[in-house]
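Here's the structure, in structure tokens; my notes come after.
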Amino acid sequence: KRNADGLVNVPPKQNGKTYRSIFFSNIFTFFNLLTFTVAAALISVGAGFSNLFFLIIITLNIVIGIIQEIRSKVTVDKLSIMNAPSALVVRDGERQAVPVGEVVLDDIVYLETGKQIPADAIVVKGECEVNEAMLTGESVPMKKTTGSEVYAGSFVSGGACYARVDKIGGACYVQTLTSYAKKYKKPKSELFRSIKAIIYAISFFIVPITAIMLVRALMNNGWGWEGWVAAVPNIACMVIGMFPAGRFLLTSIAL
């Protein structure tokens, strides 16, 4: 009945950042889209490699950002206080080992020295000492008697007892702590804030300035294809020069 109702000790899935969102957020930025647009314009007029060298810097910056975020995601996804593979439960009057994920609400679990507690439970028989340092930072073992609550993720350091599972899965205190640690938040960095301020300031001016420069260049060189070929390299150099691409790369490397 407990299994049918979904009352099993399975931790909830964490809604972290997906690999798709990591790639998307690092590739499709205003800065990258602008530089790719400039690169496309240069390629259309047959510009050489020397004119497109800035793409190497942009690509390195994107790759570093993606690798760092993926490494962070893998590390966070592995973060878990619970590592017990199985638990001893009393079923049909006998003790039997079951995977921690198959422990259900109101199961009677047997806790002995050296075992990790699989779910939040209330002691119903016996006495034990529990090390809760992983949860609270308190290094002194806590004595648990009948009616005391024991928490998932802590270890039995002495004695033995029977306990009734009171909370399972995401309702356990340890899962609350883990969810806080795994929650994705945008980094609060003065360095990031300064760079974004520079980007916003440049973005406010760069589009109208580029449009004005392009019109002036076409007026001087003609509105045909020849005028476009003559105007694009100079304007591209101006646009790329306005963006601190080197600062982005150095910041990524430093971080």
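The values are calculated or read from the model by the stated rules, or taken from the named source; none is laboratory data. On a predicted model such as this, the values are computed, not experimentally measured, just so you know. We place every Cβ from the backbone using ideal geometry, glycine too, and count neighbours over all the protein chains shown. Please note that ligands, DNA and RNA were not included when accessible areas were found on the heavy atoms of the full protein model with its side chains. Shrake-Rupley method; radii C 1.70, N 1.55, O 1.52, S 1.80 Å.
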Scattering profile of the range 155-255 at q = 0.11, 0.15, 0.20, 0.25 Å⁻¹ [log10 I(q)/I(0), Debye over alpha-carbon scatterers] | -0.63, -0.83, -1.05, -1.25
Apply 1/(1 + (r/R0)^6) to the Cβ-Cβ distance of residue 176 and residue 74, taking R0 = 35 Å, and write down the FRET efficiency to the nearest 0.05.
-> 0.95
Magnitude of the Cβ-charge dipole (Lys and Arg +1, Asp and Glu -1) of the range 106-153 about the Cα centre, nearest 20 debye, reported as 120 debye
What residue among 144, 17, 78 has the largest mean-square fluctuation in a Gaussian network model of the chain, using Cα springs under 10 Å?
-> 78
Just name one of 221, 97, 209: the one whose Cα is farthest towards the positive end of the charge dipole of the chain (beta-carbon charges, Lys/Arg +1, Asp/Glu -1).
-> 221
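In terms of solvent-accessible area of protein heavy atoms at a 1.4 angstrom probe, what is the ranking of 176, 113, highest value first?
Working: 176 45, 113 85 Å².
Per-residue accessible area, sorted high to low, gives 113, 176.
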Sorted list, accessible surface of protein heavy atoms, 1.4 Å probe, largest first, for 102, 112 is 102, 112
Enter the angle in degrees (range 0 to 90, nearest 10) between the Cα long axis of helix 245-254 and the first principal axis of the Cα atoms of the chain, meaning the one along which they spread out most.
-> 20 degrees
Output the pairs from 143/167; 144/167; 78/144; 73/167; 1/143 with a Cα-Cα distance over 26 Å in this structure; if there are none, say none.
-> 78/144; 73/167; 1/143
Nearest 10 degrees, 0 to 90: what angle lies between the long axis of helix 54-78 and the longest principal axis of the chain (Cα atoms)?
-> 10 degrees
Size of the dipole of the chain about the Cα centre, Lys and Arg at +1 and Asp and Glu at -1 on the beta carbon, nothing else charged, in debye to 20?
-> 660 debye
Please give, to one decimal in nm, the separation of the simple spin-label points placed at residue 191 and residue 102, each 7 Å out from Cα toward the Cβ.
-> 4.9 nm
Any aspartates and glutamates with Cα under 16 Å of the residue 125 Cα? List them, leaving off those in the same chain fewer than 8 positions away.
-> 94, 106, 107, 112, 149, 166
Taking the Cα centre of the range 106-255 as the origin, how large is its charge dipole in debye, to the nearest 20, when only Lys and Arg (+1) and Asp and Glu (-1) carry charge on their Cβ atoms?
-> 700 debye
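Can you work out the accessible area per residue across the range 89-135, with the rest of the protein chains kept in place, probe 1.4 Å, in square angstrom? Numbers along the way, then the final one.
On the way: 2210 Å² over 47 residues.
Accessible surface, normalised per residue, equals 47 Å².
When the helices in the chain are scored as -39500 (n - 2.57) per DSSP H run of 4 or longer and the sum is shared across all residues, what 222 nm value do you end up with, to the nearest 500 deg cm²/dmol? Could you put the intermediate results ahead of the total?
Numbers: 8 runs with 123 residues, N = 255.
Theoretical 222 nm ellipticity from helices: -16000 deg cm²/dmol.
What full-extension length gain, to one decimal in nm, is calculated for residue 209 and residue 32 as 0.36 nm per residue of separation minus the Cα-Cα distance?
Working: separation 177, 0.36 × 177 = 63.72 nm, distance 1.85 nm.
So the extension gain works out to 61.9 nm.
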Which listed residue (179, 121, 146) has the Cα farthest towards the positive end of the charge dipole for the chain, taking +1 on Lys and Arg C-beta and -1 on Asp and Glu C-beta about the Cα centre?
-> 179
Mind checking the angle between helix 173-182 and the chain's longest principal axis? C-alpha axes, 0 to 90 degrees, to the nearest 10.
-> 10 degrees
Counting every C-alpha pair in the chain, the percent lying more than 25 Å apart is 61 percent
Projected onto the charge dipole of the range 1-75 (+1 at Lys/Arg Cβ, -1 at Asp/Glu Cβ, origin at the Cα centre), which of 23, 62, 8 gives the Cα projection farthest towards the positive end?
-> 8
